[in-house]
Amino acid sequence: MRARACRTPPGGAGRQAARALSSGAGRPGRSSPGTRERTHDVKNALDPAALEAALENVHRAGVPGLFAEVRDGDEVWRGAAGVADVTTGRPVTADMRHRVGSVTKTFTAAAVLQQVEEGRIGLDTPVGRYLPALVPGERGDAITVRMLLNHTSGLAEYLPYAYPSLKPYPALADTGPESLDEHRFTRFDPLELIATGVTAPAFGAPGGTPGVYSNTNYLLLAQLLERVTGTTAERCITENVVERAGLRDTGFPEGPYVDGPHSRLYEMWFGMIDPPRDYSVFDMSWVGPSASLISTVSDLNRFYRLLLAGEVVGPSSLAEMRRTVPVVSQELRTVDYGLGLHPMEGPGQGAFWGHGGTVWGGGTLAMTRADGGRQLAVAVNAQRWNRLGSSGMPEPHPVDGALAALYRVAMYG
């Protein structure tokens, strides 16, 4: 499966893996059992009992509900534990659709790399040649497309400016969740968000490392896709990545609601929202093609399996995606990051590649072994469960250890 130009006429475990769903808690509820498919035996068979127990332990540790799919070759296990709605007790199921947050970035990066393959975008071309009005002057000449993809542009994150109660970040104790309610139905203009990030004080010089993770980069990439294809980034990504990969339950939202079976999403904001509040209904224009995609755990595993097999982008583009640089994450930890893709490793184990993502109230992690053989995609319906200690930093929570244990069982058995 190889993608070409958009068809629409002119008109957005290891320790690193355990942190990818960082911070979330909730009220426990009922559990729904795991399911298992097998087309034929494989050498490293999955352990459904261990997987079910690990999933249940995350739920018992404080996540209202979660669901996952684990694959090893042709063997597939799906499971769910807990509730999708703490009021009604409606259980979560493994086929639910879910807001996957920054997992979207891999899809957006793949669409950009496809245009690089077609010669419409130069990976090391200054972004100012394409979008001079958005990144003008010397910065437009210095920041390349690659730097947007791997977060080494130095451009600031616009989020604390769009949500005033988050402005004190990274001083978490001085932040508050009020803006989340104020902007639940706000329709943000992506050009205004980009302008905020571009004009804010830079995090560093273009190309410098470590880079700093910034959604401003990926909103610019969405504008770049629109500039070179003549259609919206959402439509380009849908046609060239989602549909060509055969993903049946993946797409961008057209409004604040999630279509199809889904869970409520419970945000705690480090103990400042008590009881947790549901943000499953939310206008996602605040992130657009940077982090607004809706998908299922099965679709995510299919996508990353095809991506790492060189069937979404070509081998040379995939090699570029896997060239990493140090980047400071939004949790203020330095991680290795490629072009919309990053590795996750366990001690003495092989590399897994994928991405994590969070939205208000929800988290997702997708990882695939480098050879495509072993995969995990997991979704949780809570976020930022860690309360802040006297130092103002998040304190450890039992959910963290339970998630890490789930990742170990899923990836290594």
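What follows draws every value from the coordinates through simple rules; no lab data is involved. Owing to the predicted nature of the structure, the values given are computational and were not obtained by experimental measurement. Quick reminder, even Gly has a Cβ in these numbers, built from the backbone with ideal geometry, and neighbours come from all protein chains shown.
Rounded to the nearest 500, what is the chain's calculated 222 nm mean residue ellipticity when only DSSP H runs of at least 4 contribute -39500 (n - 2.57) each, over all residues?
Value at 222 nm, helices only, nearest 500: -8000 deg cm²/dmol.
Report the local net charge at residue 131: Lys and Arg +1, Asp and Glu -1, summed over other residues whose C-beta lies under 13 Å from its C-beta.
Taking every other residue near residue 131 into account, the sum is +1.
Which value, in debye to the nearest 20, describes the size of the charge dipole of the chain about its Cα centre when Lys and Arg Cβ atoms bear +1, Asp and Glu Cβ atoms bear -1, and nothing else is charged?
Dipole size: approximately 440 debye.
Once you treat every alpha carbon in the range 15-412 as an equal point and sum by Debye, what is log10 I(q)/I(0) at q = 0.09, 0.10, 0.14 Å⁻¹?
Log10 of I(q)/I(0), two decimals: -0.48, -0.60, -1.25.
Enter the mean projected area of the convex hull around the alpha-carbon atoms of the range 113-256, in nm², rounded to one decimal.
Here the figure is 9.8 nm², rounded to one decimal.
If you wrap the range 194-287's Cα atoms in a convex hull and average its projection over all directions, what's the area in nm²?
Result: 9.2 nm².
For a protection proxy built on the mean count of beta-carbon atoms within 10 angstrom, sort 280-289, 46-55, 319-328, 402-411 highest first, please. Intermediate values should be presented prior to the final figure.
Values: 280-289: 21.6, 46-55: 19.0, 319-328: 17.5, 402-411: 23.4.
With the highest mean Cβ count within 10 Å placed first, the list reads 402-411, 280-289, 46-55, 319-328.
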